[in-house]
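Visitor: The following block contains the structure, expressed as structure tokens.
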Amino acid sequence: MSAKPFLLAAEGLNKSFDGYQAINDLNFYLDEGELRTVIGPNGAGKTTFLDLITGRTAPDRGTLMWDDGKHDLLKLSEYQIYRLGIGRKFQTPTVYNDHSVTENLVLSLAGSRGIWHSLFGKVTPLQRERIAEILDIIKLTGHAQRKAGTLAHGQKQWLEIGMLLAQEARLLLVDEPAAGMTDEETHRTGELLLSLAGKHTIVVIEHDMTFVRQIARNGKVTVLHQGHVLCEGAVDQVQNDERVIEVYLGRKSKAA
Amino acid sequence: MTSNPISSRIHGPILLVSAVFLVVVMPWLNSCGLIADFTLNLWGKYLCYGIMAVAIDLLWGFTGLLCLGQALFFSLGGYMMGMHLMLMIGKLGQYKSDLPDFMVFLGHTTLPGFWQAFHSFPFALAMVFLVPGLLALVFGYLAFRSRIKGVYFSILTQALTYGAALLFFRNDLLMGGNNGFTDFRTLLGSDLRIASTQRILYICTALLLVAVVAGCKWLTNSRFGLIQRAIRDSENRVLFSGYATANFKLFIFVTSAMIAATAGALYVPQVGIINPSEMTPEKSLEAVVWVALGGRGSLYGPVIGAVSVNALKSWASRAYPDLWLIILGGSFVLVVMFMPNGIIGIPAQFAAWAARRRNRDATTAAAPANRVTDP
């Protein structure tokens with residue numbers, strides 16, 4: 001292991017649902033500024049892993065430490081974990097359908113989450129600027145006043161990524177961002193994530209191998225299988241690993 | 001909920017006119033003898049219900065919490081005011097005793113300790129807020145911390161209300177039991193049985209209604225309101241956006257309980273009685289129906305719903321004593337079937353219907369023109 005402190009360290013994680021071992025002795029280490037891609041067949045425990053990190057479910061055993069062991073995530077609730085700077089994009093786009101795109105971003109802006117502030121706090125000019133900037137990044141400037149519920153599927157995915165940007169999260173957990181997107185939208189999403197790496201630490205869960213090859217150009221890929229890390233490394237290395245081909249990619253031809 | 005530009009432009013003036021009418025014109029007509037004392041008193045009661053309906057809307061329409069305990073908070077506010085009114089009867093009661101009649105009847109000779117302080121009006125007024133507020137705080141804290149949601153929350157609030165009603169039916173609670181409190185004489189030295197006192201109570205109610213609606217309007221338009229509706233639509237996302245949703249729900253639950261309680265406190269001196277039948281789950285359900293009929297998530301709709309349903313009830317029960325339940329039930333069915341957004345949604349519904357009609361006319365007019373130019 002490197003001497004560099006880990007941003008997130010998961011050790012010996014276990015979680016079972018009604019006897020089904022979703023996460024099995026999982027060890028996972030993440031450096032600050034990394035763009036990590038997590039792949040794995042259905043039921044490999046990818047989304048459950050995110051649920052554990054964000055406090056949605058508690059593991060049966062194991063540890064989850066944040067920021068060089070400064071915080072024990074297992075002792076915190078969802079909103080406290082969020083406040084440490086861990087943001088999550090859900091697999092199905094989860095935005096506030098009845099609110100406008102701008103309002104969605106306003107609610108996600110970094111800053112106080114208290115009741116008092118929500119009653120009397122105003123959106124500052126600086127925050128307005130930031131919202132305009134994000135709208136530009138996620139290509140929704142022309143839709144700022146539209147209700148989020150009326151956006152196309154891909155646009156909702158982008159809005160949710162924009163909400164993570166507004167939050168100024170240190171770690172972005174992005175669950176299948178390319179699901180339901182056209183090839184061009186998928187490519188743009190990849191570019192967006194690549195441009196954010198470094199400034200943010202990013203974990204992307206994905207199925208689409210073209211997309212994985214695009215975003216994992218410089219980063220590491222982790223392969224999960226039956227709740228356990230099967231292997232980890234550069235995308236080419238992983239794709240040529242015999243075990244990966246066997247459990248996940250099935251046929252070698254499909255991997256390319 | 002309707003954001004029709006025309007309707008929102010006339011919204012302001014309509015509201016202002018309604019407020020002035022309720023607060024100034026109605027009592028003035030009454031003092032001129034053009035509105036009967038009985039009618040004004042009835043309207044005072046309707047407006048109290050209207051305030052309770054706004055409180056329900058704040059919880060149900062805006063936050064998605066269907067609470068069936070609002071009648072409990074309303075009655076508790078009423079009971080706190082009632083305790084003060086009972087002590088103000090003094091020796092004018094049946095038994096010519098300093099004690100309230102029901103206590104004499106039960107054989108008590110001294111006033112129980114917890115009644116003593118209710119001689120003071122400011123204390124009683126503080127209790128109107130504190131007792132329901134604290135109950136809501138404790139109950140809400142436990143419910144929201146355990147993440148009780150949806151229909152389970154409704155059932156629990158209903159159970160709480162039912163339990164409280166059973167408790168208040170008991171004589172040994174020393175809250176008047178079955179019969180509750182009645183036969184009030186004075187409030188702040190004014191005789192409650194004369195028209196001018198009742199008129200002032202009516203004006204207070206109308207003013208409170210206007211203040212509550214304006215306050216809720218402000219609240220729901222703030223960022224708090226955004227969070228409220230976000231909780232209603234996607235609580236998980238709000239939680240994963242760093243908001244402690246339980247605290248927000250608790251705040252709104254306690255606020256709503258206190259609003260209902262003030263309505264109850266004004267209701268009791270105007271209606272002249274409070275008893276446990278006011279705090280049953282049925283009463284809460286009835287109030288939920290007013291909100292649904294008026295149009296939830298709109299603040300004004302619930303007031304319209306509460307006033308119109310109760311006005312219809314008073315009229316039908318006098319005009320058609322045998323049929324009034326059928327009339328009331330039938331109108332509920334009609335509204336639910338044909339007006340999904342309630343009474344307040346009618347203009348928008350009509351506008352949508354007119355727009356559809358215009359579109360159809362436009363397409364039928366365009367079709368033959370195409371045929372001419374096409375070949």
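The values are calculated or read from the model by the stated rules, or taken from the named source; none is laboratory data. Model, not experiment: these values are computed from the prediction. FYI the Cβ positions are ideal-geometry reconstructions off the backbone, even for glycines, and counts take in every protein chain you see.
Visitor: Might you check whether a residue that is away from every other protein chain (no Cβ under 14 Å), of a type in the set (Gly, Ala, Ser) and buried (at least 22 other Cβ atoms within 10 Å of the Cβ) occurs anywhere in region B:177-184?
Guide: Yes - at least one qualifying residue is present in region B:177-184.
Visitor: So, residue B:355, is that one modelled with pLDDT under 85 and more than 26 Å from residue B:302 (Cα to Cα) or not?
Guide: no
Visitor: So residue A:38 fits all but one of (1) buried (at least 19 other Cβ atoms within 10 Å of the Cβ); (2) out of contact with any strand residue (DSSP E or B) (no Cβ under 7 Å at 6 or more places or on another chain); (3) not hydroxyl-bearing (Ser, Thr, Tyr); what number is the exception?
Guide: So the condition that residue A:38 fails would be (2).
Visitor: I'd like the full set of residues that are part of a helix (DSSP H, G or I) and touching an Asp or Glu at 6+ places or on another chain (Cβ under 7 Å), limited to region A:32-55.
Guide: Matches in region A:32-55: A:47, A:50.
Visitor: When you scan region B:139-146, do you find a residue that is at positive phi and among the aliphatic types (A, V, I, L, M), even just one?
Guide: no
Visitor: Return only the number of the condition from (1) over 30 Å from residue B:189 (Cβ atoms); (2) modelled with pLDDT of 95 or more that residue B:125 does not satisfy.
Guide: (1)
Visitor: Right, another one. Where residues in region A:149-178 are of a type in the set (A, V, I, L, M, F, W, C) and touching a Pro at 6+ places or on another chain (Cβ under 9 Å), which of them is farthest from residue A:81 (Cα to Cα)?
Guide: Only one residue tops the list, namely A:151.
Visitor: Is there a residue in region B:32-42 that is closer than 19 Å to residue B:212 by Cα and without any contact (Cβ under 8 Å) to a residue 60 or more places away in the chain?
Guide: No, the conditions are met nowhere in region B:32-42.
Visitor: Quickly run through region B:140-159 and pick out the residues that are assigned to a helix (DSSP H, G or I), touching a helix residue (DSSP H, G or I) at 6+ places or on another chain (Cβ under 7 Å) and farther than 23 Å from residue B:79 by Cα.
Guide: Result: B:141, B:143, B:144, B:145, B:153.
Visitor: Find all pairs meeting these conditions: Cβ atoms under 9 angstrom apart; at least six residues apart or on different chains; first residue within region A:160-174 and at the interface with chain B (Cβ under 9 Å from one of its Cβ atoms); second residue in a loop (DSSP other than H, G, I, E, B) and not small (Gly, Ala, Ser).
Guide: Within 9 Å, the pairs are A:160/A:90; A:160/A:93; A:160/A:94; A:160/A:95; A:160/A:177; A:163/A:95; A:167/A:109.
Visitor: Out of (1) surrounded by fewer than 21 Cβ atoms within 10 Å (Cβ to Cβ); (2) within 26 Å of residue A:134 (Cβ to Cβ); (3) more than 10 Å from every other protein chain (Cβ to nearest Cβ); (4) hydrophobic (A, V, I, L, M, F, W, C), the odd one out for residue A:101 is which?
Guide: Going through the list (1) surrounded by fewer than 21 Cβ atoms within 10 Å (Cβ to Cβ); (2) within 26 Å of residue A:134 (Cβ to Cβ); (3) more than 10 Å from every other protein chain (Cβ to nearest Cβ); (4) hydrophobic (A, V, I, L, M, F, W, C), residue A:101 breaks only (1).
Visitor: While we're on this one: Return a yes/no flag: does region A:119-137 have any residue that is free of Cβ contacts under 8 Å to residues at least 60 places away in the same chain, more than 9 Å from chain B (Cβ to nearest Cβ) and of a type in the set (S, T, N, Q).
Guide: Within region A:119-137, one or more residues are free of Cβ contacts under 8 Å to residues at least 60 places away in the same chain, more than 9 Å from chain B (Cβ to nearest Cβ) and of a type in the set (S, T, N, Q).
Visitor: Going through region A:107-118 one residue at a time, which ones are among the aliphatic types (A, V, I, L, M) and within 7 Å of chain B (Cβ to nearest Cβ)?
Guide: Listed by number, the residues that qualify are A:107, A:115.
Visitor: Take region B:220-243 and flag every residue that is facing chain A (nearest Cβ under 7 Å), more than 18 Å from residue A:110 (Cβ to Cβ) and either of a type in the set (Val, Ile, Thr) or outside any helix (DSSP H, G or I) (or both).
Guide: If the condition is that a residue be facing chain A (nearest Cβ under 7 Å), more than 18 Å from residue A:110 (Cβ to Cβ) and either of a type in the set (Val, Ile, Thr) or outside any helix (DSSP H, G or I) (or both), then B:222 is the only one that fits.
Visitor: How do the helices (runs of 4 or more DSSP H) wholly within region B:1-81 filter down when requiring 1 or more residues that are modelled with pLDDT of 95 or more: which remain?
Guide: Fully inside region B:1-81 and qualifying: B:37-63.
Visitor: Conditions first: (1) in contact (Cβ under 8 Å) with a residue 60 or more places away in the chain; (2) within 30 Å of residue B:14 (Cα to Cα). Residue B:293 passes all but one, so which condition is the exception?
Guide: All conditions pass for residue B:293, except number (1).
Visitor: Being farther than 18 Å from residue B:51 by Cβ, modelled with pLDDT of 85 or more and polar (S, T, N, Q) narrows it down to one of B:341, B:370, so name that one.
Guide: Going through B:341, B:370 in turn, just one is farther than 18 Å from residue B:51 by Cβ, modelled with pLDDT of 85 or more and polar (S, T, N, Q): B:341.
Visitor: I'd like the full set of residues that are at the interface with chain B (Cβ under 9 Å from one of its Cβ atoms) and modelled with pLDDT under 90, limited to region A:84-93.
Guide: A:90
Visitor: Within the bounds of region B:309-318, is there any residue that is in a helix (DSSP H, G or I) and buried (at least 18 other Cβ atoms within 10 Å of the Cβ)?
Guide: Checked region B:309-318: at least one residue is in a helix (DSSP H, G or I) and buried (at least 18 other Cβ atoms within 10 Å of the Cβ).
Visitor: With respect to the numbered conditions (1) within 15 Å of the chain's Cα centre (by Cα); (2) buried (at least 17 other Cβ atoms within 10 Å of the Cβ); (3) of a type outside the set (Phe, Trp, Tyr), which one is the sole condition not fulfilled by residue A:135?
Guide: (1) is the only condition that residue A:135 fails.
Visitor: If I filter region B:251-267 for residues that are outside any helix (DSSP H, G or I), in contact (Cβ under 8 Å) with a residue 40 or more places away in the chain and over 24 Å from residue A:94 (Cα atoms), do I get at least one hit?
Guide: no
Visitor: Would you pick out the residues in region A:74-92 that are within 24 Å of residue A:21 (Cβ to Cβ) and touching a residue at least 40 places away in the same chain (Cβ under 8 Å)?
Guide: Within region A:74-92, A:88, A:90, A:91 meet the criteria.
Visitor: How many residues does region A:17-28 hold that are in a strand (DSSP E or B) and either surrounded by fewer than 19 Cβ atoms within 10 Å (Cβ to Cβ) or without any contact (Cβ under 8 Å) to a residue 24 or more places away in the chain (or both)?
Guide: Matching residues across region A:17-28 total 6.
Visitor: Quick check on region A:136-149. Is at least one of its residues under 23 Å from residue B:247 (Cα atoms), out of contact with any Ser or Thr (no Cβ under 6 Å at 6 or more places or on another chain) and either in a helix (DSSP H, G or I) or of a type outside the set (A, V, I, L, M, F, W, C) (or both)?
Guide: no
Visitor: Does residue B:137 satisfy being surrounded by 15 or more Cβ atoms within 10 Å (Cβ to Cβ), free of Cβ contacts under 8 Å to residues at least 24 places away in the same chain, part of a helix (DSSP H, G or I) and within 31 Å of the chain's Cα centre (by Cα)?
Guide: So residue B:137 fails the test.
Visitor: Another question about this same structure. Is it fair to say residue B:248 is at the interface with chain A (Cβ under 7 Å from one of its Cβ atoms), under 17 Å from residue A:110 (Cα atoms), under 23 Å from the mean Cα position of the chain (by Cα) and in a helix (DSSP H, G or I)?
Guide: Here the answer is no, as residue B:248 does not meet what is asked.
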